Structures are given as structure tokens and as C-alpha cells.
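One structure follows; several queries about it will come next.
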Protein chains: 2
Amino acid sequence: MGDARRYHALSSPFRMKRGGQLHGARVAYETWGTLDAARGNAVLILTGLSPSAHAAANLEDPTPGWWDDMIGPGKAFDTDRYFVICVNSLGSDKGSTCPASVDPATGEAYRLTFPELSLEDVANAAHEAVTGLGITELTCLVGCSMGGMSALAYMLLHPGSARTHLSVDTAPQAQPFAIAIRSLQREAIRLDPHWNEGRYDDERWPEHGMSIARKLGVITYRSAMEWNGRFARIRLDPDQREENEPFGFEFQVESYLEGHARRFNRQFDPNSYLYLSRASDWFDISEYGDGDVMRGLGRIQVERAMVIGVSTDILFPLEQQETIAKGLEAAGAKVEFVALDSPQGHDAFLVDIENYSRAIGGFLGSL
Amino acid sequence: MGDARRYHALSSPFRMKRGGQLHGARVAYETWGTLDAARGNAVLILTGLSPSAHAAANLEDPTPGWWDDMIGPGKAFDTDRYFVICVNSLGSDKGSTCPASVDPATGEAYRLTFPELSLEDVANAAHEAVTGLGITELTCLVGCSMGGMSALAYMLLHPGSARTHLSVDTAPQAQPFAIAIRSLQREAIRLDPHWNEGRYDDERWPEHGMSIARKLGVITYRSAMEWNGRFARIRLDPDQREENEPFGFEFQVESYLEGHARRFNRQFDPNSYLYLSRASDWFDISEYGDGDVMRGLGRIQVERAMVIGVSTDILFPLEQQETIAKGLEAAGAKVEFVALDSPQGHDAFLVDIENYSRAIGGFLGSL
């Protein structure tokens, strides 16, 4: 399997919002399409908590990316026209400096000595990568889920860095239901004896904690409505059941969750998960508006924006996207608010390609 | 503290739906008010997964019950008029025979040798307790949450046993979102090394698993809307935080969940929890209607019914109560469907006393 990642060395020290700093840190990114001579056709995508920078297949890495149906020639992100960049979040283990990276000061992995991470740091690291490519203004800054919060931070901290904004299934601040879910995911990892305050290894890996965290994630990323149609009360075939396992799985929905957990486990560093999860809880745009969300949004200057949300999203409820749309509009942007009824919940942007393609393709095509 | 529990010895053997049987089993119950000479003023309440039979204070046990504001002279369950009975579910550890009880055949606690439990067994045990009091027809059979499913089973298995029915925040079958949540709660307990396939003791108790299970319960029993108003993003005072605990609690909503988990832990037997949780997943009224929910409901004969649900309930969504209302109506009952907008989610029946009192008091007062 090829590797399409490029790396941008961050300023050293890279100073972080909550007081820490990193030395010799970097972020990984991938690109699609061609940057034009004026460096004026760049679109940056900031990701959710766990995806890598591999948003779509490219020459060096033809494996499908996490938004493969959206990015390419003639697709919503039309790479015949745009130069698309996706940055792996600082703190994520998909190539960027993260808690599993070696601290040059000690020669050992940071683990819990990694400095406190905020989405503002994620935004600043991505901004350095973009300016490192000689791009001073993005045609469009795109953020999905957690990446939507990082994108708000990016625009606040770097006025004039994006001409337009595309906000997908995200929020201007973490609300208590989402905090409760993420706190419980972190707790499941922390309570796993193999987590060992961050000092796990391949032999003793917090699989149980990560499994519970991932399943709780998947439950809140999808919707009850979708599952009624998809799983109903369908039982597993007897040969799929766990033999002699008391209270073992019996329904298809249980095996679906187990499959998700197995694919995730060992593919994502538990400490990275904890740092990025907490950063999501901390994010609150009202900090930039004297405690007021609308005032915080009011400080963001873009010409145009599209804000997309889904009525079945329980983690980032539609009201939160509506708030973003209103806030950006009040700040002077021309805003299009797209409320979808996709049954897939928060994950709709990864699944309901038809509706998201139409909205996003329409927006990017009109710029 | 007094104890108001009475006990009813179940038929021995007590044969269970899925093939097992219990010898010398019993259920605990409490009562309020006076049974009239004709034994015609009885109201039976079947509970959710964890409550005891102590629904309200009474002479022998003046401590507040779990539905204290609803039951008493002049209250919604007016004990000047009705004889109210609340039965602790078979399989629950609040006085009824359960996995923590001693198996007379071995002299040891059943633990996982307790037979497979279904809500039909819970219903049959409650029915034996009621007939044991000389009551052949209840004026009203009331079921809340899991107890609402037990109540449907009760009426199906014992035609003519209830003249009217009050269905509160429940469902005619477990749907995949609820199954996923409960499966994950069970998994958290099962993965706790202290669970030890059901052979825990006071020294090695699956506190971590029970804590995660309870917090996930509370998250799904309440609603995001309520928490936005109640907790917003309020931080804990520094002296309430956990010192030196990496990723320790920081927001009030986290400490609220922790308080719930602490109050629950060691108050409920983990194996009882597993058995009752799985019984909830198994319940499906369509089994009584050739695979069709409406046909299953169509076999229930009551004169009148009130079905109450809440728009913010994510565990037992309002559509499920609407289905019950339509099914009972199609079967010939006079049905009143009450859709409330209480912000408290599934738990509204325990919290929004004003609206539930008005509805339930109105219904019981009109019988």
C-alpha cells in the first residue's frame, strides 16, 4: 500500500493555547488536484476526531479514503478545479505529532506528558501547513464534525485566511449531552486496567475500553430511525453467536457494533483519542465573544458560507448548525443553511453521499 | 428504617417462558390504601428495570418511594379510593427471587445458573401475587418503562385480568437503538474483570462496569434539551475536581453522572441487572401476532386505556407509544393518547410530576 502523506514541520517551539509547547512537531496532510499559479484555488478539509488525512484515493495511495465519493474530478470537491488539502489533526496518530510520538527532550513517547491539546492548536497547526504551501487565502475552509469546530477556531484566529466556509454536522460549542457521551467514552478507556495511565503497549492494550468507547461513538453517530429499518429485531444466525458466552450477542445490531469496534481497535491510539476527545469538550466559541456564542461567531469574517446539518443527529443537533448559520449571517456573510432529513444521524455526511454531494457540489461550483 | 414489603410465594415449580423453572420462589410487593370488600378497586404498578416495590411512603416504611408524589390520599393514584399494589419484578434483587438468591437445590446463590428470564415471567409472577390477594380483575394495570412491556405481557397472558390499562413511557417491542444501548451496558459489566462470569463478591465487585452501565442509562433516560438548560457548560469548582487524575471530571454534567453512578452502584445486583436488561431486549409483542406488532396488540382486551409518552424520550421514542395507542384502539379499547413535551426525556414520568399527575389523575379519576 502506498503512502500519499506529506509532512509540514511546525514552528518550533509550537506554542499551544493552554500553555504547553512542542518542539520539532509536524502535521501530515494529503492533497488532490493542482494548485494554480496564483495559489487561489485551495480548499482545506479539517476532519472529525478519528479520520486520517487520506480523504480520498490518489496516485500514491489508491486505497479509498474516508470521503472517497466526494473528492475527485467532477465530484463535489472537483479536483479538476480545486486543489484540495486534508490535514491530519495535531494530536492524531495518523502521521501528525501526537501522544504516541517521541518527545525529543526525553527520547521517549510523550504519552500523558503530551501538552494539553485544544482545537485551537489543531487549527493553528493546519494553518501553518497551508501557509507552508504558499497559500494565504483558502477559497473554502471545510470542517466536518470536530473539524467544523477546528474550522471556526481557524477563521477566528486567522482573519482573512478563508474566503468562504463550509460547515458540516458540527457545533459552535460542546453541549452537555455530547460532553457526557465523550466523558463516558474517556472513562471507559481510563477504567481499563490495560490503559495504565497511558502506559499501555502491544501486549497490554486497552481493548475493552476502546471497544466500549467506539461502540458508544457509533451509537451516537447514527440514528434510531436508520437502525429500525436496517436491523429491526433481526437475530444473528446461530453459527454467528458466541458459543458459551453468557449474555453474548444475539441481535444483528450487536454484531454490527462489534464489527465497528474491532476495525477501530488498535487502529487508533487510545491516548490520542483521549486528547482529541477532551479538546472537543473544551471548544466553545463563546470564549471569543465575552461568553456569548453569537458574538463569538460574529467575529468570523467570510464572504459566503454553507452550513449543513441533519435532523437525526443527536450528538451535534441541528439547532447548533442553525446557530452557526445565523451567527455567520449576522456577521455579514451570505449564508445558505441546509437542513437534511438523512436517516443516518451525525454520520450522514459520510453515508448520504447523494444529498451531501448535491449541497457541497452546488456550493463549491458556485464560487 | 422500616420495611413495608410483603411476599407472595410463587407456584412451585414456577415454570418460565424459555424453559427453566424456579422452586420456592417469591416476589416482594407493597400496597397503599384499602382493598374494598368486592376486591374491585385494585391498581397494579409494574416497574422499570431497577426500582423496588417501594413506590411511595407508607406506615411501615415512611421513606419516600420512587413515585412518592404520585401515590397517596388525593394524589393521582388516590389511595382514598384505590388499593395500589407495586410488585418488585421477578429477577430483581429488591426482595423477589433473583440471581443473588439461594437456589434451594444447591444451597448456593444462583448467579448465572438462574434460568433465562423474560418479561412474560415477570408478568406471570406479578399476576400470581395479585390473584393471591383474591383479586381477579384489576381496575387498572399500570406499567412504566420496562414495566409497560411487562404489563402488555400480563394482559396478553391473562385475558380479563385488567379492566383498564395505563401505559407509561414504554414500547411494544425493543427496537435496535434501545437494544444497542442495553447491550453496551451489559458489555461494560461483562468486561469488568471483577464481574468474573457472575461470581463477584463484596471485595471484588464490578463497580467500574456498573458505573459505566448506569451512566449510559442516565444519559439515555434524560434529554439533551434538559441538560442544555440545566448544566450548559458549567465547570466544577476547582475543589470539586479530582486532583492529579488525568482526564478527570471538569464539567458539572460529569459530576452529575458520577453521583448517579455512585448512588446506584452496590445498590443493585449486577447479575439481576444483566437478566432484566436482556429480558427487555427480548420482549416483542409481535410474537403474539404472527410477527406483527399491531396484531399482537390486537389480542389485548381492555375497556379503556391511557398511553403516555414524551417527545424527548430517545430510549422509548414517542412513535412506540403511538403504536400502542393505535393497537389498543384497533382492538376495541377507548384510548386516550397523551404526548407530552416534557424536557426530561424517558425519565419524565419520575420528574415531571405536574403533567403526569394531571394525566394519570384524570384517567384514574374518571374510571
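Being among the acidic types (Asp, Glu) and in contact with a strand residue (DSSP E or B) (Cβ under 7 Å, 6 or more places away or on another chain) is the filter; apply it to segment B:303-333 and report the residue that is surrounded by the most Cβ atoms within 10 Å (Cβ to Cβ).
B:Glu329
In segment B:246-257, how many residues are assigned to a helix (DSSP H, G or I) and within 7 Å of chain A (Cβ to nearest Cβ)?
3
Now, a different point. Considering B:Arg262, B:Arg295, which residue is of a type in the set (Lys, Arg), in the same structural domain as B:Leu90 (by TED's automatic domain parsing), more than 18 Å from the chain's Cα centre (by Cα) and not in a loop (DSSP other than H, G, I, E, B)?
B:Arg295
Somewhere in segment A:293-302, is a residue modelled with pLDDT of 95 or more, out of contact with any strand residue (DSSP E or B) (no Cβ under 7 Å at 6 or more places or on another chain) and among the β-branched types (Val, Ile, Thr)?
Yes, segment A:293-302 contains a residue that is modelled with pLDDT of 95 or more, out of contact with any strand residue (DSSP E or B) (no Cβ under 7 Å at 6 or more places or on another chain) and among the β-branched types (Val, Ile, Thr).
May I pose another question? Just checking, does segment A:225-236 include any residue being out of contact with any strand residue (DSSP E or B) (no Cβ under 9 Å at 6 or more places or on another chain), under 13 Å from B:Ile181 (Cα atoms) and among the aliphatic types (A, V, I, L, M)?
Among the residues of segment A:225-236, not one is out of contact with any strand residue (DSSP E or B) (no Cβ under 9 Å at 6 or more places or on another chain), under 13 Å from B:Ile181 (Cα atoms) and among the aliphatic types (A, V, I, L, M), which makes the answer no.
Quick test for you: out of A:Ser286, A:Ser280, A:Ser272, A:Ser311, pick the one residue that is among the hydroxyl-bearing types (Ser, Thr, Tyr) and within 11 Å of chain B (Cβ to nearest Cβ).
Answer to the selection: A:Ser286.
If a residue must be out of contact with any Gly (no Cβ under 7 Å at 6 or more places or on another chain) and surrounded by fewer than 24 Cβ atoms within 10 Å (Cβ to Cβ), how many such residues does segment B:33-48 contain?
Residues meeting the conditions: 8.
If I go through segment A:191-213 residue by residue, how many of them are touching a His at 6+ places or on another chain (Cβ under 6 Å) and part of a helix (DSSP H, G or I)?
Going through segment A:191-213 one residue at a time, the tally reaches 1.
Right, next: Taking A:Ser89 and the conditions (1) part of a loop (DSSP other than H, G, I, E, B); (2) polar (S, T, N, Q); (3) more than 14 Å from the chain's Cα centre (by Cα), which numbered condition does it fall short on, given that it satisfies the others?
Unmet condition: (3).
Same structure, new question: Select, from A:Ala171, A:Ala188, A:Ala151, the only residue that is more than 7 Å from every other protein chain (Cβ to nearest Cβ), buried (at least 24 other Cβ atoms within 10 Å of the Cβ) and over 21 Å from B:Asn228 (Cα atoms).
When all the criteria are applied, what remains is A:Ala151.
Could you look through segment A:309-327, keep only residues that are of a type in the set (Val, Ile, Thr) and not in a loop (DSSP other than H, G, I, E, B), and pick out the one that is nearest to A:Ser223 (Cα to Cα)?
A:Val310
Still on this structure: If the requirement is being among the hydroxyl-bearing types (Ser, Thr, Tyr), over 25 Å from A:Arg163 (Cα atoms) and not in a loop (DSSP other than H, G, I, E, B), which of these qualifies: A:Ser342, A:Ser277, A:Ser286?
On inspection, the qualifying residue turns out to be A:Ser277.
Hey, which of the strands (runs of 3 or more DSSP E) in segment B:1-66, taking only ones fully inside, have at least 1 residues that are aromatic (Phe, Trp, Tyr)?
Passing ranges, in order: B:6-9, B:26-32.
List the number of the failed condition for A:Thr170; all other conditions in (1) in contact (Cβ under 8 Å) with a residue 40 or more places away in the chain; (2) of a type outside the set (Phe, Trp, Tyr); (3) not assigned by TED's automatic domain parsing to the domain that holds A:Arg111 hold.
Among (1) in contact (Cβ under 8 Å) with a residue 40 or more places away in the chain; (2) of a type outside the set (Phe, Trp, Tyr); (3) not assigned by TED's automatic domain parsing to the domain that holds A:Arg111, A:Thr170 violates only (3).
Go through (1) assigned to a strand (DSSP E or B); (2) crowded, with 20+ Cβ neighbours inside 10 Å for A:Asn124 and report which single condition fails.
Status for A:Asn124: all satisfied but (1).
If you don't mind, there's one more thing I want to ask. Would you tally the residues in segment A:211-231 being more than 9 Å from chain B (Cβ to nearest Cβ) and surrounded by fewer than 17 Cβ atoms within 10 Å (Cβ to Cβ)?
Within segment A:211-231, residues that are more than 9 Å from chain B (Cβ to nearest Cβ) and surrounded by fewer than 17 Cβ atoms within 10 Å (Cβ to Cβ) number 1.
Name the residues in segment A:339-352 that are under 17 Å from A:Arg230 (Cβ atoms) and more than 16 Å from the chain's Cα centre (by Cα), would you?
A:Asp341, A:Ser342, A:Pro343, A:Gln344, A:Asp352
Among A:Phe251, A:Phe283, which is the only one that is at pLDDT 95 or above and under 26 Å from A:Pro176 (Cβ atoms)?
A:Phe283
Can you tell me which residue among A:His260, A:His208 is buried (at least 22 other Cβ atoms within 10 Å of the Cβ) and not hydrophobic (A, V, I, L, M, F, W, C)?
Checking each option against the conditions leaves just A:His208.
Step by step: first the residues of segment B:79-112, then only those that are over 21 Å from B:Arg266 (Cα atoms) and of a type outside the set (A, V, I, L, M, F, W, C), then the one that is surrounded by the fewest Cβ atoms within 10 Å (Cβ to Cβ). Which residue is that?
B:Gly107
Within segment B:259-276, which residues are modelled with pLDDT of 95 or more, within 21 Å of B:Phe114 (Cβ to Cβ) and charged (D, E, K, R)?
B:Asp269
Just the residues that are hydrophobic (A, V, I, L, M, F, W, C) and buried (at least 24 other Cβ atoms within 10 Å of the Cβ), please, taken from segment B:131-148.
Within segment B:131-148, B:Leu138, B:Cys140, B:Leu141, B:Val142, B:Cys144, B:Met146 meet the criteria.
Quick check: anything in segment B:181-190 outside the structural domain of B:Val84 (by TED's automatic domain parsing), part of a loop (DSSP other than H, G, I, E, B), under 17 Å from the mean Cα position of the chain (by Cα) and in contact (Cβ under 8 Å) with a residue 40 or more places away in the chain?
Scanning segment B:181-190 turns up no residue that is outside the structural domain of B:Val84 (by TED's automatic domain parsing), part of a loop (DSSP other than H, G, I, E, B), under 17 Å from the mean Cα position of the chain (by Cα) and in contact (Cβ under 8 Å) with a residue 40 or more places away in the chain.
Moving to a separate point now. Given the options A:Glu203, A:Glu243, name the one that is at pLDDT below 95, farther than 30 Å from A:Thr164 by Cα and away from chain B (no Cβ under 13 Å).
None of the others qualify; the one that does is A:Glu243.
Which is in contact with an Asp or Glu (Cβ under 8 Å, 6 or more places away or on another chain), within 14 Å of another protein chain (Cβ to nearest Cβ) and at pLDDT 95 or above, of A:Ser183, A:Ser145, A:Ser118?
Unique residue meeting the criteria: A:Ser183.
Then there's this: For A:Cys98, indicate whether it is under 25 Å from A:Met155 (Cα atoms), in the same structural domain as A:Thr170 (by TED's automatic domain parsing) and assigned to a strand (DSSP E or B).
For A:Cys98, the condition - under 25 Å from A:Met155 (Cα atoms), in the same structural domain as A:Thr170 (by TED's automatic domain parsing) and assigned to a strand (DSSP E or B) - is not met.
The values are calculated or read from the model by the stated rules, or taken from the named source; none is laboratory data. Not measured: the values here are computed from a predicted model. Don't worry about glycine lacking a Cβ; one is built from the backbone with ideal geometry, like all the others, and counts go over all protein chains shown.
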